[in-house]
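We did not get these values from a lab; they are worked out from the coordinates using the rules stated. Because the structure is a prediction, the values reported are computed rather than measured. Using ideal geometry, Cβ is built from the backbone for each residue, glycine included, and neighbour counts are taken over all protein chains shown.
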Amino acid sequence: MKLTHQESVVLRLRFGLDDGIEREYGEIAEVLDASVTMVQQWEKRAIRKLRHPANRPLLDRIRETLSQMERDEAFMQSVAQPSGGRA
């Protein structure tokens, strides 16, 4: 099952997938020129589609990619920190 354009936009904005900023239903409703109720329905439908067993391999790849991104970010932060006074 493929997400509709609206479902995709709702998830990306709601969970900050593009820019890290999680948005409220009202903000998303304004962007999509829709009601808050419609945005909530799109979100619910999209999550239901993603939870379908056929999407398990895709979700596993997404989960691994996100984990790798977190590890990379933690590494970069540790490298960027001062070395504790060593010269």
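For Ala34 and Leu3, what does the FRET efficiency come to when R0 = 25 Å and r is the distance between their Cβ atoms, rounded to the nearest 0.05?
Once the sixth-power term is evaluated, E becomes 0.95.
Only loop residues by DSSP count here, and only those with at most 16 other Cβ atoms within 10 Å; note down the trypsin sites (Lys or Arg not before Pro) in segment 9-53 that meet that.
Sparse-neighbourhood loop trypsin sites (Lys or Arg not before Pro): Arg51.
Go through segment 8-87 and name the chymotrypsin sites (Phe, Trp or Tyr not before Pro) that are in a DSSP coil and have 16 or fewer other Cβ atoms within 10 Å of their Cβ.
Phe15
Going by the alpha-carbon gyration tensor, a ≥ b ≥ c the square roots of its eigenvalues, is the chain rounded (a/c under 1.5) or, if a/c is not under 1.5, prolate (a/b greater than b/c) versus oblate?
Since a/c reaches 1.5 but b/c is at least a/b, the shape of the chain is classed as oblate.
If Lys and Arg each add +1 and Asp and Glu each add -1, what is the summed charge of the other residues whose beta carbon sits under 15 Å from the beta carbon of Arg51?
With Lys, Arg at +1 and Asp, Glu at -1, the net is +4.
Taking GluC sites (Glu not before Pro) as exposed when DSSP calls them loop (any state but H, G, I, E, B) and at most 12 other Cβ atoms lie within 10 Å, what is the longest stretch of the chain free of them, the sites themselves excluded?
Answer - 25-87.
Report relative contact order for segment 5-79 in percent, whole number only (criteria: Cα-Cα under 8 Å, sequence separation at least 6).
For segment 5-79, the relative contact order is 22 percent.
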